[in-house]
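Asker: Below: one structure in structure tokens.
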Amino acid sequence: MNDKIELIRRSVAPEALEFPLHALDGPITPNELFFVRSHYDTPMIKAASWRLKVDGCVDQPIQFSLDDLMSMPKVSVESVLECAGNGRAALETPVPGLQWDCGAVGNAIWSGVSVRTLLELAGVTDRAVDVVFEGADRGKVKNPAAPCGDVAYARSIPRDLALSGWPILVYEMNGEPLSPAHGFPVRLIVPGWYGAASVKWVIRIVALDHAFGGYYQTSDYSYWQVNDGLPELRPIGAMPVKSLIARPTRGTYVQAGERIEICGAAWTGTGEVTAVEVSVDDGLNWGKAEMSSPSVAGSWRLWSFEWLVKGPCGVRTILSRARDSHGRVQATERDWNYGSYVIDHSIPVEINVTET
Ligand code: MTE
């Protein structure tokens, strides 16, 4: 099925490529079909000269080569990676940012070294509360609120998460070395978090004694959270529960009396996806979908729903919604506090039902 499928280009420089979600064909997204989202030109890094520094609140600042990392215990995780702006093009009111349809998401097996291993080797101290990952890519940001001069792509995760054993410094994607676009030679993967946290081309890890206030988690990749009537800016972090419909696509024609398969993927930031429901009448009634792949922590689950198409004829709105083990249910309405990010509500797919 993958022979004629190609990524959709959303931006040339910096590179942004989208997976055509209708081509979803198994739990693992092939590397050549994995979406790409970069903020600057891809840095071309030579493996032999690449070094990773670990410093800040540590007993002993330390530096690693790629060979050092590869000689450490190798860990793997199957994890979904979704851009926080995925689905923007589907919003009724346009928001700024790359106009992704629904394919800025993929699922891969990532292998490398646990972040915990490196922090322990450097002797992270009790003062550390936040851990920053800095990429080798940098440049000017076209935003009057951005700092003057070049800004490196850098994001942080809280200390407890960094030491949980979950985040990995990855050098292999689906069993192959990372490609330059996906972060060669080494990138971070934070399973369960929006893709912005998974810094590519990592060259430095800094343990901080305060919450990092870098550009890509304050000015950008943040949202307003209203606490007791007071909106506060928060960095985008863990993903909520979400499902997407891969097929049928918008505008498909089906005949009353036909049996069609409605299918897609579902995932959640923590816990596991327990169910997906489908509505073929714009949310009035819901039926349970079959889960067609197992539940693997961090990964997405594929699902499908057989529909014996019945009238009324005309335009029909199909929806899917996922539930997870925390009891969370995917919202059917957009929460606009998320601005141009976190498009996690059920995205309607309109199709045309014709008479037999
Ligand atoms: N890391 C660096 N260094 N520079 C970037 O521009 N983009 C982030 C993240 N890590 C980015 C980065 C964003 S917004 C996303 S969604 C993911 O990388 C995309 O990873 P991918 O291109 O491998 O799919």
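The values are calculated or read from the model by the stated rules, or taken from the named source; none is laboratory data. Since we're looking at a predicted model, the values are computed, not measured. So basically every Cβ, Gly included, is an ideal-geometry build from the backbone, and we count neighbours across all protein chains shown. Quick note on the areas: whole protein, heavy atoms, side chains included, nothing else; ligands and nucleic acids left out. Shrake-Rupley method; radii C 1.70, N 1.55, O 1.52, S 1.80 Å.
Asker: Taking the inverse of the average 1/r across all pairs of different Cα atoms in the chain, what Kirkwood radius in Å do you get?
Answerer: Every distinct Cα pair counted, the radius reaches 21.3 Å.
Asker: A further question on this structure: At 222 nm, what helix-only mean residue ellipticity would the chain give, in deg cm²/dmol to the nearest 500, using -39500 (n - 2.57) for each DSSP H run of four or more?
Answerer: Dividing the helical sum by the residues of the chain leaves -1000 deg cm²/dmol.
Asker: Separate question: Of the accessible area of the chain, with the probe set at 1.4 angstrom, what percent is carbon plus sulfur? All intermediate terms of the calculation are to be shown ahead of the outcome.
Answerer: Working: 8080 of 15850 Å².
Ligands and nucleic acids excluded, carbon and sulfur reach 51 percent.
Asker: While we're looking at this one, here's another question. About the Cα centre of the chain, what is the dipole size in debye to 20, counting +1 per Lys and Arg Cβ and -1 per Asp and Glu Cβ, all else neutral?
Answerer: Using Cβ point charges on Lys, Arg, Asp and Glu, the chain gives about 360 debye.
Asker: Dipole of the chain (Lys/Arg Cβ +1, Asp/Glu Cβ -1, origin at the Cα centre): which of Y194, W286, S219 lies farthest to the positive side?
Answerer: Result: S219, furthest along the dipole toward the positive end.
Asker: Hey, another quick one. What length, rounded to one decimal in nm, is gained on full extension from L308 through to L230, with 0.36 nm per residue of separation minus their alpha-carbon distance?
Answerer: 23.2 nm is the gain from fully extending L308 to L230.
Asker: Using unit Cβ charges (K, R positive; D, E negative) and no other charged atoms, how large, in debye to the nearest 20, is the dipole of segment 255-347 about its Cα centre?
Answerer: Charge dipole of segment 255-347: 40 debye, to the nearest 20.
Asker: Hey, another quick one. For A154, what is the net charge nearby, where nearby means another residue's Cβ is under 15 Å from its Cβ and Lys, Arg count +1, Asp, Glu -1?
Answerer: Spelling it out: positives minus negatives among the neighbours equals 0.
Asker: Also: With viscosity set to 1.567 mPa s and temperature to 4 °C, compute the Stokes-Einstein D of segment 4-100, Rh being the Kirkwood radius across alpha carbon pairs; µm²/s, no decimals.
Answerer: Using the Kirkwood radius from Cα pairs, D works out to 76 µm²/s.
Asker: Given a Förster radius of 35 Å and the C-beta distance between S164 and M291 as r, what FRET efficiency does 1/(1 + (r/R0)^6) yield to the nearest 0.05?
Answerer: Details: r = 27 Å, r/R0 = 0.76.
Efficiency, rounded to the nearest 0.05: 0.85.
Asker: While we're on this one: Exposed loop sites here are GluC sites (Glu not before Pro) in DSSP loop states with at most 16 other C-beta atoms within 10 Å. What is the longest stretch of the chain lacking them?
Answerer: Within the chain, the longest run free of exposed GluC sites (Glu not before Pro) spans 93-257.
Asker: Quote the relative contact order of the chain in percent (integer), defining contacts as alpha-carbon pairs under 8 Å separated by 6+ residues.
Answerer: Working: 905 pairs, mean separation 58.7, N = 356.
Across the chain, relative contact order equals 16 percent.
Asker: Next question, about the same structure. Starting at the first residue of segment 343-356, write each ³J(HN,Hα) from the Karplus equation 6.51 cos²θ - 1.76 cosθ + 1.60 with θ = phi - 60°, in whole Hz, x for Gly and Pro.
Answerer: Karplus values, whole Hz, x for Gly and Pro: 9, 10, 7, 5, 8, x, 10, 8, 10, 10, 9, 10, 6, 4.
Asker: Sum up the charges of everything whose Cβ sits under 15 Å from the Cβ of L169, counting Lys and Arg as +1 and Asp and Glu as -1, but leave L169 out.
Answerer: Residues close to L169 contribute a combined charge of +3.
Asker: Using a 1.4 angstrom probe, figure out how much accessible area segment 267-356 has per residue, in square angstrom, rounded to the nearest whole.
Answerer: 47
Asker: Please give the Cα centre distance for segment 199-215 versus segment 1-61, rounded to the nearest Å.
Answerer: If you average the Cα positions of each part, the centres end up 19 Å apart.
Asker: Still on this structure, I have one more. Given S299, V206, V113, which one lies farthest toward the positive end of the charge dipole of the chain, if we put +1 on the Cβ of every Lys and Arg and -1 on the Cβ of every Asp and Glu?
Answerer: Toward the positive end, the furthest listed residue is V206.
Asker: Report P(r) for segment 209-356: all Cα-Cα distances, bin width 10 Å, range 0 to the bin holding the largest distance, values in whole percent.
Answerer: 11, 34, 29, 18, 7, 2, 0
Asker: Something else: Please work out the ratio of the alpha-carbon Rg of segment 68-224 to 2.2 N^0.38 Å and round it to two decimals.
Answerer: Details: Rg = 16.1 Å, N = 157, 2.2 N^0.38 = 15.0 Å.
Cα-based Rg divided by the globular estimate yields 1.07.
Asker: Counting Lys +1, Arg +1, Asp -1, Glu -1, what net charge surrounds H210 among other residues with beta carbon under 12 Å of its beta carbon? Write out the running numbers ahead of the final one.
Answerer: Numbers: positive: R127, R159; negative: D130, D209.
Net charge around H210: 0.
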